[in-house]
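Trainee: Input: one structure, supplied below.
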Amino acid sequence: MSEKEEKSKSAQLKEKLFLNKKNGCVRVSEEEMNRADEFCEEYKNFLNLAKTEREAVTYAIEAAQRAGFTEYDRTLTYKPGDKVYVNNRGKALMLAVIGKNGTNNGVRLGIAHIDSPRLDLKPNPLYESHHLAMFKTHYYGGIKKYQWPTVPLALHGVIALKDGTVINVCTGENDDEPCFCVTDLLPHLAVEQMSQVMTKAFNGEHLNVLIGSRPFSKDEESENVKLNIMNILFEKYGITENDFLSADLTMVPASKARDLGFDRSMIGSYGHDDRVCAYPALMAAIDAEIPESTVITVLTDREEIGSDGNTGMKSTFMADFIADLAAADGQQLRHVMRKTTCLSADVNAAFDPTYASAFESNNSSYINNGAVITKYTGSGGKYSTSDASAEYMAKIRKILDDKNVLWQTGELGKVDGGGGGTIAKFVANLNADVVDLGVPVLSMHAPMEVVSKLDVYMTYRALYEFYMYQE
Ligand code: MN
Ligand code: MN
C-alpha cells in the first residue's frame, strides 16, 4: 500500500470517528450561503428598527399580523395551523402556531430575549452643572463601562402621563437629528485615571450624558441651560420635569447595523444579543405551517438583569398561556410541561484570537461554524445552570443532523474564567427539557457586537426544523 493510500485511509477513519472541525463556510453550498446573506438583509433592518424590547414587540406584532397571526382570545376555539399572539405589556410577546396534536404531547418552545444592555435614565435624570445640561443614567445589564463614553447615543422609550397618554420617544437615530454622548477625559489629563483599575476608572456615576449647553435667555437666573432643555422637551413632547418619573427612557448607540469585513460575511451592530436569536425565532414562527405539536415562540424581556419582573422569564406569563392552551385540549399544565421541549435561543461567546487566553479552544464556538448548542452555562462548578440531559442533547443532535443544519457546540469561555446564564434554567424549572442554541458573538455586550451571517441563518434553520420535526 502506498503512503498516499495509507494517509487517505486514516483520513477516512478520522472522518468517521472524529468531530468535523472544518470551517462551516466550506461545508455549506453556495446556494445556502446566498440564502444566509439574503436572510440577513431584513435582519439588519430589524436591528435598526428594534433597539429596545418595546420596539422589538411592535416590529414582531406587525410582521406576525401580516403573516396571519391574530390576538389570542381564550374564549375562542382554535384548530391546527391557527396562528395567535399574546402581547405582555408591550415588552414581551408570545407567538403560537397550533399543532395537529395541540398540547397533548407537550409544546415546542423557542425563547429569545429582546432586551439588551444600555444606559437607562434615572427617575430624576435632568441636571445642570457648570452650564452644561446632563442626564444621569443607571446602566442596565452587564456592560464594560469604559466602552460607552464618546459613542453617539440616541434616546428611546416612552413617557406615560397621568391622563393615560403614552408618548413614544425615539430621537437621535436620523442624520438630521441631534445625538448625545457620555464624555471622557482627555489623555493629557488622564494620568491618574489611566493608572486605576478599569472598574474604578469608569464607574456608574461617570455615565452622564451630555444633552445641551445653551441658556434659555440672558437672564442671570441659575440653571438656565437646564431650563432651555426642559423648554425644548415641553415643546416637543408636552412634558414637565415630573413626567420623567413615569417614563422608561434609555440611551442606546445611535449607529446602524452594517456589513462587516471586505467579504461582507459579518454584521456589526448594537444589540445582536439577543435580537440575533429573536429575529430567527420570529421568522421560524411565521414560517411554521402546521406543526405536529403546538409551537410557541417567546420574545422575553429582562434577561440581561436576571429575568425578574412581570415581563421576564421568572414571571408566570408563559406558563399561564400554556395553561390556557392546555385547558382547551382538556389537559393540565403540569402534564403538558413534562412533555415540553425548548430551545432557549441565546448567544454564546465566539472564540476571539486576540483574547484567546479567555477561551478553551476545544470547547469554544467559532464564527461561521453555525448555530451553537450550549449544554450548560452558569459559573464555577456548574452553579446556576440547568445542564441539558444526554437524552435531550441526542434528540436535538438528531433533528439538526437529519435536516442538515450547520451546528457546533461551545461552553462560555474557560472553566472559572467568569460565567453567565440564560433563561434556560427558568424553563427547565417548569419541568421541561431545554438547551441553549444560538449565535456565536464577538465583543458581546459592547456598543457594537459582531456576528456571522451564516450563523444567523443557521439559527433560523435550527429553530424552524425543531418546530416542524416529526417524531
Ligand atoms: Mn443573551
Ligand atoms: Mn447578554
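The values are calculated or read from the model by the stated rules, or taken from the named source; none is laboratory data. As the structure is a prediction and not an experimental result, all values here were calculated from the model. Cβ atoms come from the backbone with ideal geometry, glycine included; neighbour counts cover every protein chain shown. Note: areas computed on protein heavy atoms with side chains; ligands, DNA, RNA excluded. Shrake-Rupley method; radii C 1.70, N 1.55, O 1.52, S 1.80 Å.
Trainee: Give me the dipole magnitude in Debye, nearest 20, for the range 1-157 about the Cα centre, with unit charges on the beta carbon: positive for Lys and Arg, negative for Asp and Glu.
Mentor: The dipole of the range 1-157 has a size of about 600 debye.
Trainee: Test of the criteria: in the range 217-295, which GluC sites (Glu not before Pro) are in a DSSP loop and have at most 11 other Cβ atoms within 10 angstrom of their Cβ? Walk me through the numbers before you get to the answer.
Mentor: Numbers: sites: 220, 221, 223, 235, 241, 289, 292; in loops: 220, 221, 223, 289, 292.
Of the GluC sites (Glu not before Pro), the ones in loops of the range 217-295 whose Cβ has at most 11 other Cβ atoms within 10 Å are 220, 221, 289.
Trainee: Could you tell me the accessible area of residue 144 in Å² (1.4 Å probe, neighbours in place), rounded to the nearest ten?
Mentor: Accessible area, nearest 10 Å²: 110 Å².
Trainee: Mind grabbing the accessible area of residue 39 for me, 1.4 Å probe, Å², rounded to tens?
Mentor: 30 Å²
Trainee: A follow-up question, please. Considering only protein heavy atoms, what per residue accessible area in square angstrom results for the range 208-341 with a 1.4 angstrom probe? Could the numbers behind the result be given before it?
Mentor: Details: 6040 Å² over 134 residues.
Dividing the accessible area of the range 208-341 by its residue count gives 45 Å².
Trainee: A further question on this structure: Determine the share of the chain's accessible area contributed by carbon and sulfur atoms, expressed in whole percent, with a 1.4 angstrom probe.
Mentor: 51 percent
Trainee: Another question, if that's okay. Assuming a ≥ b ≥ c are the square roots of the Cα gyration tensor eigenvalues, decide whether the chain counts as rounded (a/c under 1.5), prolate (otherwise, with a/b larger than b/c) or oblate.
Mentor: Details: a/c = 2.14, a/b = 1.37, b/c = 1.56.
Cα axes put the chain in the oblate bin.
Trainee: Residues of the range 1-73: accessible area per residue at 1.4 Å, in Å²?
Mentor: With all protein chains present, the range 1-73 gives 70 Å² per residue.
Trainee: What helices does the chain have that are whole DSSP H segments, at least 15 Å long along their own axis by Cα, and with mean Kyte-Doolittle hydropathy of -1.0 or more?
Mentor: Values: long enough: 3-17 (21 Å, -1.95); 30-49 (30 Å, -1.27); 53-66 (20 Å, -0.65); 224-237 (19 Å, 0.17); 272-287 (22 Å, 0.19); 317-328 (17 Å, 1.48); 390-402 (18 Å, -0.45); 453-468 (23 Å, -0.07).
Membrane-span-like by this rule: 53-66, 224-237, 272-287, 317-328, 390-402, 453-468.
Trainee: Can you show me the helix-derived [θ] at 222 nm for the chain, built from DSSP H runs with n ≥ 4 at -39,500 (n - 2.57) apiece and divided by the number of residues, rounded to the nearest 500.
Mentor: Only helices count here, giving -9000 deg cm²/dmol.
Trainee: Now for a different question. Given contacts defined as C-alpha pairs under 8 Å and at least six residues apart, what's the relative contact order of the chain, whole-number percent?
Mentor: Computed over the chain, the figure is 22 percent.
Trainee: Put 146, 392 in order of accessible area, largest first, 1.4 Å probe: what do you get? Don't skip to the answer; put the middle values down first.
Mentor: Values: 146 90, 392 10 Å².
Output order, biggest surface exposure first: 146, 392.
Trainee: Output the pairs from 136/453; 22/91; 91/162; 51/162; 7/375 with a Cα-Cα distance over 32 Å in this structure; if there are none, say none.
Mentor: 136/453; 22/91; 7/375
Trainee: Right, another one. Give the ranking of 28, 166, 336 by solvent-accessible surface, highest area first, calculated with a 1.4 Å probe.
Mentor: Largest to smallest exposure gives the sequence 166, 28, 336.
Trainee: Enter the Cα centre distance for the pair the range 126-158 and the range 295-315, rounded to the nearest angstrom.
Mentor: 25 Å
Trainee: Let me ask another. Heads up, I need the accessible area for residue 469: 1.4 angstrom probe, whole protein in place, Å², nearest 10.
Mentor: 30 Å²
Trainee: In terms of the Cα gyration tensor, with a ≥ b ≥ c the square roots of its eigenvalues, is the range 358-471 rounded because a/c is under 1.5, prolate because a/b exceeds b/c, or oblate?
Mentor: Oblate, because a/c is 1.5 or more while a/b does not exceed b/c.
Trainee: Using a 1.4 angstrom probe, figure out how much accessible area the range 94-181 has per residue, in square angstrom, rounded to the nearest whole. List each step's numbers first, then the result.
Mentor: On the way: 3680 Å² over 88 residues.
That works out to 42 Å² for each residue.
Trainee: If you rank 277, 179 by how much accessible surface each has, with a 1.4 Å probe, what is the order from largest down?
Mentor: Ranked from most to least accessible, the order is 179, 277.
Trainee: Test of the criteria: in the range 151-252, which trypsin sites (Lys or Arg not before Pro) are in a DSSP loop and have at most 11 other Cβ atoms within 10 angstrom of their Cβ?
Mentor: Answer in residue order: 162, 218.
Trainee: Relative contact order for the range 145-220 using alpha-carbon pairs under 8 Å, separation at least 6, rounded to a whole percent?
Mentor: 32 percent
Trainee: With a sphere of radius 9 Å drawn around the Cβ of residue 53, what net charge do the other residues whose Cβ falls strictly inside it have (Lys, Arg +1; Asp, Glu -1)?
Mentor: Once all neighbours under 9 Å are counted, the net charge is 0.
Trainee: Using 1/(1 + (r/R0)^6) with R0 = 56 angstrom and r between the beta carbons of residue 219 and residue 37, what's the FRET efficiency to the nearest 0.05?
Mentor: FRET efficiency, residue 219 to residue 37: 0.45.
Trainee: For the range 82-180, treating each Cα as an identical point scatterer without solvent, what Debye log10 I(q)/I(0) comes out at q = 0.21 1/Å?
Mentor: Log10 of I(q)/I(0), two decimals: -1.29.
Trainee: What is the percent of Cα-Cα separations in the range 253-304 that go past 14 Å?
Mentor: 66 percent
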